[in-house]
2 protein chains.
Amino acid sequence: MIPLAAMPTEARAASARARRELVVGVDVGGSKIAAIAVDPSDRVVGREWRPIVTGRPERAGDDLAEVVTAVLHEAGADDRDLAAVGVGVPGRVDPRTGAVSLAVNLGWQDVRLGSILEARLGVPVVVENDVRAAALGLLRRGALGPVRDFAYLAVGTGISAGVVVDGALRRGPRGLAGEIGHIVVEPGGERCSCGGCGCLETVASGPAIARRATERVAAGEPSSLAAARPDAEPPRRGGPIPITAADVYGAAAEGDPLAREIAEAAGSRLAWAVALLVLTLDLERVVIGGGVAAAGEPFLDPIRSGLDALRADAPQASELIGRVDVMVAADGSDPGPWGAVTVAREARAAPVPAGREEVGHG
Amino acid sequence: MIPLAAMPTEARAASARARRELVVGVDVGGSKIAAIAVDPSDRVVGREWRPIVTGRPERAGDDLAEVVTAVLHEAGADDRDLAAVGVGVPGRVDPRTGAVSLAVNLGWQDVRLGSILEARLGVPVVVENDVRAAALGLLRRGALGPVRDFAYLAVGTGISAGVVVDGALRRGPRGLAGEIGHIVVEPGGERCSCGGCGCLETVASGPAIARRATERVAAGEPSSLAAARPDAEPPRRGGPIPITAADVYGAAAEGDPLAREIAEAAGSRLAWAVALLVLTLDLERVVIGGGVAAAGEPFLDPIRSGLDALRADAPQASELIGRVDVMVAADGSDPGPWGAVTVAREARAAPVPAGREEVGHG
């Protein structure tokens, strides 16, 4: 992928002049909507984002149409240049109809997002689970080289994995493969957005990390996080969380002991999740993305340490987990929006058939 | 499959007269070797088993050759009737060479079982991981009807899963897919045969269930298990375990409170393992086999209750786990030996190519 900044203005203008040639990929996250516009030569000619108001599916059509218009504008283009839109959504999606039947972290249920957006934008709109789309995007773009067995593990507002086995995206008959964020890791633990207790998401997602830091700072534990957020207090139900996961990793990188402890606890849980994926599926690589992973090395280091701990003193466990390559998605590599572009392109090349077929494997 | 008892003697004799037409499938378990001989019409014409002496790989060739001879004899046949042998082994196997590189629960490492047996028996021998072979056998025999996404979860001396996704066996690039028995469920818990601590196998395998019962009876807790085994005492290191998992499920079925408690604890863990498989892979069915599952309903009931508990009060968790169909392999259905027959037949039809191809998908 060519970073936007590296692209000459001429190329962007030329892309814009070719009509109906831009595909826009929109990644709907738990806290923001990010979009890219891509031309037929795989150049990113526009990039935009908006905050999202969760829990208000009736606003979704407006918000998404707005970000599509904005990213076209950013590309020096307009809606006549738009060929198709792909949308990645954190939840259960029927890729044939574009209906989002379950998006726990957005508070959506049964939103016919595909139809709503097609009516507004006048072009084909393909909706897919965000993380499965991102994994498919990594696969189709050859972003991982010859690796045919990998997972894209998204750690953000929620946790889930997009799984590629034998060079094909695993969706599953219900389109729910990879929902490992709802595996119980602390029986009887904190209530999860899914309704269960002690799910992986309740201990290692962005909000879980932020909540832990906020509570401990509010309880008076010494930390540079307290200085950064002097107003820190335990979050009210549904209220904003004063300290973010990004704050925690920033402070951990500076050596703050409390932040490091919290980062290490999350890393240990995420290492366990990586091991779970490898043991269950036998994978060569796990690429971690999502809002929390954007912290980079301070986020990745504790995960690598956690994997080393699982291997330590256990020669056979070590062989089972193997030398799986764990990495964070490169900054600016946009796996979410690129995944959305990929599903839109594949649907254009081969409409998704009814039944259990994979996206784009028609 | 026609049960052996239902087969007329004439048919068995007829099978035996056809030379080089019998395929023998041998399932090497943690405590016994079970074998069937199958004719070209899928009739089981012989069935045999032997106890296995673990930790002595140099004996493996003798033991396995002996059971092959015995099952042919049982079929009214001899080695001139033998076309091929399949062997399922609980460990990591290179199906191209038949070498067993790692079989934790047998205490084997780098045993060239395929070559050893071919030299003795004079026919092609195909070795595959036992549980993956069993899953492939269920798939090829259409034992589950139109189900294309399922796992065969073996619960015996160890715990692992054979995974079928989109109608194809998942082996993985290292041939290690499905090794969920070594996912850590109790960090810092009991030492596992793999070297790690607190693996699923240490809390829900046959030996784990037996050990728990033995310890609690030895500690003086009232239970019918004490009467059944008046000599019960904590197992010496490497020594025999006085109370077996089968004893525990038998006593649980009779209403013994201690046995029920232990069965419920194991069932809760195994329900978690089923949920893990479903969440990670999106499966329609999980068939549970292996020595412990042979207990039938007293084994299965607590697993179903455990799944109900994971779904309770959690509408979205409930949707994620779904209505996955959990069942135990039918008594006498021999998924292990049939799996071994299947890999032998598929290798004859299409030799396993080098590289990452699946067994029999040449």
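The values are calculated or read from the model by the stated rules, or taken from the named source; none is laboratory data. Owing to the predicted nature of the structure, the values given are computational and were not obtained by experimental measurement. Cβ sites come from the backbone with ideal geometry, for glycine too, and all protein chains shown count toward neighbours. Just so you know, the surface numbers come from the protein's heavy atoms only, side chains and all, with ligands and any DNA or RNA stripped out. Shrake-Rupley method; radii C 1.70, N 1.55, O 1.52, S 1.80 Å.
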Go through (1) open to solvent by 20 Å² or more (accessible area, probe 1.4 Å); (2) within 12 Å of chain A (Cβ to nearest Cβ) one by one and return the number of the condition B:Leu139 breaks.
(2)
Would you pick out the residues in region B:343-362 that are open to solvent by less than 60 Å² (accessible area, probe 1.4 Å), more than 12 Å from every other protein chain (Cβ to nearest Cβ) and modelled with pLDDT under 85?
B:Ala350, B:Val352, B:Pro353, B:Val359, B:Gly360
Does B:Ala340 satisfy the condition of being of a type outside the set (Lys, Arg), touching a residue at least 40 places away in the same chain (Cβ under 8 Å), assigned to a helix (DSSP H, G or I) and within 14 Å of chain A (Cβ to nearest Cβ)?
no
Check every one of the helices (runs of 4 or more DSSP H) wholly within region B:110-209 and list those with 1 or more residues that are under 27 Å from A:Leu277 (Cβ atoms) and more than 14 Å from the chain's Cα centre (by Cα).
B:130-140, B:201-204
Being on the phi > 0 side of the Ramachandran plot and in contact with a Lys or Arg (Cβ under 7 Å, 6 or more places away or on another chain) is the filter; apply it to region A:147-190 and report the residue that is farthest from the other protein chains (Cβ to nearest Cβ).
A:Gly167
Since B:Gly290 meets every condition but one in (1) crowded, with 20+ Cβ neighbours inside 10 Å; (2) without any contact (Cβ under 8 Å) to a residue 12 or more places away in the chain; (3) not hydrophobic (A, V, I, L, M, F, W, C), which condition does it not meet?
(2)
Kindly list the number of the only condition in (1) modelled with pLDDT under 95; (2) surrounded by 19 or more Cβ atoms within 10 Å (Cβ to Cβ) that fails for A:Arg96.
(2)
I'd like the full set of residues that are open to solvent by less than 10 Å² (accessible area, probe 1.4 Å) and either among the hydroxyl-bearing types (Ser, Thr, Tyr) or not in a helix (DSSP H, G or I) (or both), limited to region B:210-219.
B:Thr214
Tell me, please, whether a residue that is part of a helix (DSSP H, G or I), within 21 Å of B:Asp331 (Cα to Cα) and more than 14 Å from chain A (Cβ to nearest Cβ) can be found in region B:72-92.
yes
If I ask for residues that are buried (at least 18 other Cβ atoms within 10 Å of the Cβ) and more than 10 Å from every other protein chain (Cβ to nearest Cβ), which ones from region A:302-323 would you list?
A:Pro302, A:Ile303, A:Gly306, A:Leu307
Within region A:93-109, which residues are in a strand (DSSP E or B) and of a type in the set (A, V, I, L, M, F, W, C)?
A:Val93, A:Ala99, A:Val100, A:Leu102, A:Ala103, A:Trp108
How about region A:111-138: which of its residues are basic (Lys, Arg) and over 22 Å from A:Arg174 (Cα atoms)?
A:Arg120
Based on this model, can you work out whether A:Ala65 counts as surrounded by 23 or more Cβ atoms within 10 Å (Cβ to Cβ) and over 19 Å from the mean Cα position of the chain (by Cα)?
no
Some residue of region A:239-255 being part of a loop (DSSP other than H, G, I, E, B) and modelled with pLDDT of 95 or more:
yes
Filtered residues of region A:168-203 (kept if open to solvent by 10 Å² or more (accessible area, probe 1.4 Å), touching a residue at least 60 places away in the same chain (Cβ under 8 Å) and either aliphatic (A, V, I, L, M) or touching a Cys at 6+ places or on another chain (Cβ under 7 Å) (or both)):
A:Ala168, A:Val185
Members of region B:93-115 that are β-branched (Val, Ile, Thr) and either over 30 Å from B:Cys194 (Cα atoms) or within 14 Å of chain A (Cβ to nearest Cβ) (or both)
B:Val93, B:Val100, B:Val104
What residue, among those in region B:273-301 that are farther than 28 Å from B:Ala251 by Cβ and of a type in the set (Asp, Glu), is farthest from the other protein chains (Cβ to nearest Cβ)?
B:Glu284
Conditions (1) hydrophobic (A, V, I, L, M, F, W, C); (2) within 22 Å of A:Thr157 (Cα to Cα); (3) at pLDDT 85 or above -> A:Leu117 fails only (2)
Report yes if A:Ala168 is over 30 Å from A:Ala246 (Cα atoms), out of contact with any Pro (no Cβ under 6 Å at 6 or more places or on another chain) and among the small types (Gly, Ala, Ser), otherwise no.
yes
Boolean, A:Val104 is over 16 Å from the mean Cα position of the chain (by Cα) and buried (at least 24 other Cβ atoms within 10 Å of the Cβ)
no
From the list B:Gly29, B:Gly86, B:Gly25, exactly one residue is closer than 22 Å to B:Ser205 by Cβ, in contact (Cβ under 8 Å) with a residue 60 or more places away in the chain and under 19 Å from the mean Cα position of the chain (by Cα). Which is it?
B:Gly29
